[in-house]
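Contents: one structure, followed by commentary.
What follows draws every value from the coordinates through simple rules; no lab data is involved. This is a predicted model, so every value here is computed, not measured. Quick reminder, even Gly has a Cβ in these numbers, built from the backbone with ideal geometry, and neighbours come from all protein chains shown.
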Amino acid sequence: MRMFGGAIFILSALFAAVICILPEPEGFPILEYHQVTDAQLDPAFEVYNVPPDEFAAQLDYLQAQGYTTITLKDFMYAVRGYRPLPEKPIVLTFDDGYADNYTKMLPILEAHNMTAVVYVITNELGRPGYLTFDNLKDMQRRGIEIGSHTADHLPLTSLNKITQRRQVRESKIFLEWSGLEPICSLSYPNGAFNAEIEEMLREENYLTAVTGEAGLNTLATNPFELRRVHIRKPRFGLTEFKFRLFKATFFAKLKNIF
Ligand SMILES: [Zn+2]
């Protein structure tokens with residue numbers, strides 16, 4: 001038994017070593033955040049909040065590493081050949097549409113001259129703890145891309161076709177008819193998607209969609225299967241953040257092998 005454990009350990013170490021020496025994969029990361037707050041959350045949700053000082057330190061680090069934040073509209077401009085991407089792009093995304101994205105996250109972002117994409121659940125807008133429509137309008141005016149996280153945050157793969165379509169169509173139409181600029185991107189609730197849902201998004205005039213799958217993205221990545229790394233509440237500060245950034249590269253290397 002001990003020998004078996006030893007063999008597994010040696011094989012894993014070898015595998016990790018092989019992954020590390022592979023050439024750097026091409027592509028840029030998309031980070032997935034939720035709340036930026038110091039507030040003590042319910043333990044089940046606690047992993048979803050990054051304290052403001054940690055968030056600021058993460059942005060300092062990205063800036064020092066030479067990253068330039070872009071939106072997913074910028075990504076599509078590059079895919080279609082209108083404008084090139086910056087040298088070292090990165091996308092910061094925020095799911096669920098919490099009020100602190102406006103009160104806490106936005107000022108830190110602007111202090112770093114950075115941009116982001118905020119995905120809102122349209123039926124939660126204006127409820128306690130969530131963004132209001134006026135917040136969205138102001139964020140869009142300040143260069144933030146607003147995207148849909150559907151109307152009710154139900155995992156799309158668990159719904160029938162009619163309900164799926166209502167969830168993606170109504171959230172987009174609601175935001176646009178309320179006076180926002182066109183909504184082009186969607187974040188799949190719970191990361192659940194399939195090829196039929198992608199087709200439906202195309203028909204509903206979405207251009208991009210983000211998943212919960214780790215990895216990097218290039219101009220050749222399917223724009224309805226964009227990969228993201230989840231940035232959880234860090235227990236080990238910036239070291240953990242660097243590790244999560246590395247996770248994107250690691251999975252991109254894995255995909256290059258298999
Ligand atoms: Zn969500």
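Numbers for the structure displayed
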{"read-out": "Point-to-point label distance, Arg235-Leu22, nm (Cα→Cβ direction, 7 Å offset)", "value": "2.8"}
{"read-out": "Cβ-based charge dipole, the chain, positive-most Cα from Val47, Pro223, Tyr33", "value": "Pro223"}
{"read-out": "Using a Förster distance of 41 Å, the FRET efficiency for Asn194-Ser12 (Cβ separation, nearest 0.05)", "value": "0.80"}
{"read-out": "Sequence-distant aspartates and glutamates (8 or more away, or on other chains) whose Cα lies within less than 12 Å of Lys253", "value": "Glu24, Glu26"}
{"read-out": "Lysine pair number, Cα distance threshold 23 Å (strictly under), segment 105-251, separation 8 or more or different chains", "value": "4"}
{"read-out": "Relative contact order of segment 1-149, defined on C-alpha pairs under 8 angstrom at six or more residues apart (%)", "value": "22"}
{"read-out": "Aspartates and glutamates with Cα under 14 Å of Lys104, excluding same-chain neighbours fewer than 8 positions away", "value": "Asp38, Asp53, Glu54"}
{"read-out": "Dipole in debye (nearest 20) - the chain, about Cα centre, beta carbon charges: Lys, Arg +1; Asp, Glu -1", "value": "580"}
{"read-out": "Normalised contact order of the chain, rounded percent, pairs of Cα under 8 Å and 6 or more residues apart", "value": "22"}
{"read-out": "Net charge, Ala99 excluded, C-beta distance under 15 Å - Lys, Arg +1, Asp, Glu -1", "value": "-4"}
{"read-out": "Cα centroid of segment 211-237 to Cα centroid of segment 38-105, whole Å", "value": "11"}
{"read-out": "Total charge dipole magnitude, segment 206-258, about the Cα centre, Cβ charges on Lys, Arg, Asp, Glu only, Debye to nearest 20", "value": "280"}
{"read-out": "Sorted by Cβ neighbour density within 10 Å, fewest at the top, the residues Arg166, Arg227", "value": "Arg166, Arg227"}
{"read-out": "Pair Lys255, Gln40: separation of 7 Å Cα→Cβ label points (nm)", "value": "4.0"}
{"read-out": "Where labels lie 7 Å past Cα in the beta-carbon direction, separation of Ala57 and Arg166 in nm", "value": "4.6"}
